[in-house]
Each structure stands twice: as structure tokens, then as C-alpha cells.
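Below is one structure, written out as C-alpha cells; comments come after it.
The values are calculated or read from the model by the stated rules, or taken from the named source; none is laboratory data. Predicted, not measured: the structure shown is a model, and the values here were computed from it. All Cβ positions, even for glycine, are placed from backbone atoms using ideal geometry, and neighbour counts span all protein chains on display.
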Amino acid sequence: MNKAKLVNERLHRLKSLMSPCRLCPRECMAKRAEGETGFCKTTDTIKVAAWAQHRGEEPPISGINGSGTIFSSNCTLGCFFCQNFPFSQLGNGRFMSAKELSQVFDKLAAKKVHNLNFVTPTHVVPMLLEAWLLASPEAQKLPIVYNCSGYESAEVVELLENIVDIFIPDIKYSNNQVAAELSKCGNYVENNRKTLEIMYQQAGGLQLDNEGMGTRGLIIRHLVLPENLAGSEESFVWLKETLGVKVNISLMSQYFPAYQAHQHEIMRRKVTTEEYLAVLDLVEKLGFENVFAQDPTERGGA
């Protein structure tokens with residue numbers, strides 16, 4: 001079905017989930033259309049922190065011309081170590097109308113980016129899609145990337161079927177107590193795992209065009225944390241048992257203490273090369289076949 005038609009059909013439902021708000025699993029019920037804000041500190045107007053022709057994503061996403069990233073301000077998580085904390089936790093950015101945001105999409109398309117990459121979109125997905133409807137045909141032809149924390153509503157993800165082309169969620173934690181301590185999110189694990197399954201059912205494995213660029217599929221990111229606070233083994237065992245070893249994994253090494261992490265006994269240091277390589281070895285032993293790995297000596301390792 002035509003993507004614009006799908007967006008038009010589902011946008012009303014997505015907006016209704018925003019006020020009272022049930023866009024994320026917190027279900028805070030804030031009446032955002034009336035100016036109320038919940039955990040994400042956002043009403044019904046999107047605030048954009050930055051947009052860029054970004055070349056730092058996984059190779060099938062960035063390619064040569066870069067990914068057309070749109071960084072939303074604020075977040076549904078409260079990670080005290082977030083490296084993008086000026087955007088996610090402090091809310092830096094500027095408000096944009098749907099028309100202004102559509103012009104950003106058009107500018108990115110004019111730069112020949114390979115996709116439109118919605119970064120931290122969970123709490124603002126209705127506004128992103130409303131702007132997308134106003135964008136040029138060139139922008140609308142680009143794959144939509146949904147680049148998120150993995151703390152998602154199953155209902156919202158189901159509404160995004162055949163609208164989002166590439167899902168890039170995190171699998172941050174395997175323990176809710178840790179999720180509550182580090183990200184103020186005590187129900188992360190069950191919601192994360194449920195929606196990863198839905199995303200995989202919708203999009204499947206990563207599909208590439210003749211130039212090696214992603215056109216559809218799922219890439220699951222996992223950031224290795226000091227002293228295994230992320231619970232990496234439990235997460236990857238679950239992934240193998242639930243989604244299989246062909247699912248695409250992006251194993252990230254770049255953790256370093258940012259924002260308030262220096263106040264935490266464990267998180268105040270960056271992840272070591274040995275810690276990262278131990279998780280990479282685990283992923284290989286479990287038999288995962290499609291893994292994007294990083295050089296930990298260049299990206300956060302010690």
C-alpha cells in the first residue's frame with residue numbers, strides 16, 4: 001500500500017495516543033494537546049535538537065552520502081549517562097512547525113542522503129509523520145529509519161508497520177532494577193523484548209540494495225557497559241532463542257562517562273577493551289551471523 005496513504009490513515013490514531021499520552025510504556029496520560037507534559041517534557045509541538053547528513057551510523061545506513069538524521073529533543077528514558085544529554089535530558093533544541101520540519105526533510109533529501117533517520121522519535125512520532133506528509137516526493141521516497149531506545153509501545157510499533165522501513169532499537173538491559181537505576185525505567189525489559197519481536201515480524205532481517213544500502217529490516221544495537229551492567233549475556237541468549245542468529249546486531253564500544261555518570265561508582269569510567277571483546281566473543285560463540293562490531297581502541301575502549 002502507498003506509504004502516504006498509510007500515514008494519513010494512522011495519523012489520527014497516533015495523535016489520539018499522544019493526548020492523553022500512551023505513546024510510550026509509561027502511559028503517563030498527560031494531555032499534551034492541552035499543554036500538559038509528562039516524563040518526556042513534551043507537548044504536541046516537536047522540538048528538534050539537530051539535523052545532519054550523518055556518516056557515523058552503521059555502514060548500510062550511512063553509506064557514502066550519510067544518513068539524514070533528525071534528533072528530537074527530550075526522551076522517554078532518563079539515562080544519567082547519556083552522551084546526547086544536552087538534547088535528551090536538558091531539552092536543548094528549537095520548536096518546529098510541521099512545515100518547517102518538512103523543509104528539513106527536503107534539505108536532507110537534496111543532499112542525497114540515503115534515508116530519513118528519526119533519532120529518539122518515540123514521544124514525537126505523530127509530529128514527525130505529520131511533517132513527512134508535507135515533504136517533497138524526493139524526501140518521501142527515502143527509507144524511514146526509526147532509531148530508538150527500544151522502550152516502545154507495542155500498539156505504536158504495530159501502527160508503524162509498512163511506514164517505518166528500518167528499525168534500529170536498542171536492547172539496553174536484561175534487568176529491570178538496573179534499568180530503573182540507570183535510566184529511570186523499571187519496566188524496560190518486558191516492553192523492550194515484546195516490541196523487538198514485533199519489529200522483527202514486520203521488517204525481518206536487513207535488506208540491502210545493489211549499492212549495499214539498507215532498504216528494510218531490523219538492526220538491534222547493544223551498548224557494552226562497565227562491569228556488565230547491561231546484562232549482555234542474558235540479552236543475547238534471549239535474542240538467539242527468540243529471534244534467531246540471523247538477526248542483525250550492532251555491538252557498540254563507545255561508552256564513556258557523560259552527564260552525571262561521574263557520580264556513579266561503576267559508570268564513572270569508560271568501558272575497557274577487554275570488556276567489549278568479551279561480549280564480542282560471546283556473540284560469536286552464540287553463533288550470530290550478522291554483527292556490526294567496532295574497534296574498541298578507537299571508540300571508547302581503554
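Pick out, from segment 63-165, the helices (runs of 4 or more DSSP H) lying fully within it that include 1 or more residues that are more than 12 Å from Ala49 (Cβ to Cβ), in contact with a Lys or Arg (Cβ under 6 Å, 6 or more places away or on another chain) and in contact (Cβ under 8 Å) with a residue 40 or more places away in the chain.
Qualifying helices (runs of 4 or more DSSP H): 125-133, 154-159.
Of the conditions (1) surrounded by fewer than 22 Cβ atoms within 10 Å (Cβ to Cβ); (2) free of Cβ contacts under 8 Å to residues at least 24 places away in the same chain, Arg32 satisfies every one except a single condition; which number is it?
Of everything listed in (1) surrounded by fewer than 22 Cβ atoms within 10 Å (Cβ to Cβ); (2) free of Cβ contacts under 8 Å to residues at least 24 places away in the same chain, Arg32 misses just condition (1).
How many residues are in contact (Cβ under 8 Å) with a residue 60 or more places away in the chain and either closer than 17 Å to Glu27 by Cβ or of a type in the set (Phe, Trp, Tyr) (or both) if we restrict to segment 189-220?
Final tally of qualifying residues: 1.
Looking at segment 145-163, is at least one residue more than 18 Å from the chain's Cα centre (by Cα), surrounded by fewer than 23 Cβ atoms within 10 Å (Cβ to Cβ) and aliphatic (A, V, I, L, M)?
no
Just need a number here: residues in segment 258-302 that are surrounded by fewer than 17 Cβ atoms within 10 Å (Cβ to Cβ), over 26 Å from Phe167 (Cα atoms), in contact with a Lys or Arg (Cβ under 8 Å, 6 or more places away or on another chain) and not aliphatic (A, V, I, L, M).
Count: 1.
Restricting attention to segment 204-225, does a residue exist that is crowded, with 17+ Cβ neighbours inside 10 Å, in a helix (DSSP H, G or I) and modelled with pLDDT of 95 or more?
Checked segment 204-225: no residue is crowded, with 17+ Cβ neighbours inside 10 Å, in a helix (DSSP H, G or I) and modelled with pLDDT of 95 or more.
Return yes when Glu233 is in contact with a helix residue (DSSP H, G or I) (Cβ under 9 Å, 6 or more places away or on another chain), assigned to a helix (DSSP H, G or I) and at pLDDT 95 or above and no when it is not.
yes
With the checklist (1) assigned to a loop (DSSP other than H, G, I, E, B); (2) closer than 25 Å to Glu158 by Cα in hand, flag the one item Asn192 doesn't pass.
Against the list (1) assigned to a loop (DSSP other than H, G, I, E, B); (2) closer than 25 Å to Glu158 by Cα, Asn192 comes up short only on (1).
Considering only segment 118-144, state which residues are of a type outside the set (S, T, N, Q) and either within 16 Å of the chain's Cα centre (by Cα) or within 17 Å of Glu161 (Cβ to Cβ) (or both).
Those that are of a type outside the set (S, T, N, Q) and either within 16 Å of the chain's Cα centre (by Cα) or within 17 Å of Glu161 (Cβ to Cβ) (or both): Phe118, Val119, Pro121, His123, Val124, Val125, Pro126, Leu128, Leu129, Trp132, Pro143, Ile144.
So, of the residues in segment 236-272 that are among the hydroxyl-bearing types (Ser, Thr, Tyr) and assigned to a loop (DSSP other than H, G, I, E, B), which turns out to be farthest from Val283 (Cα to Cα)?
The selected residue is Tyr259.
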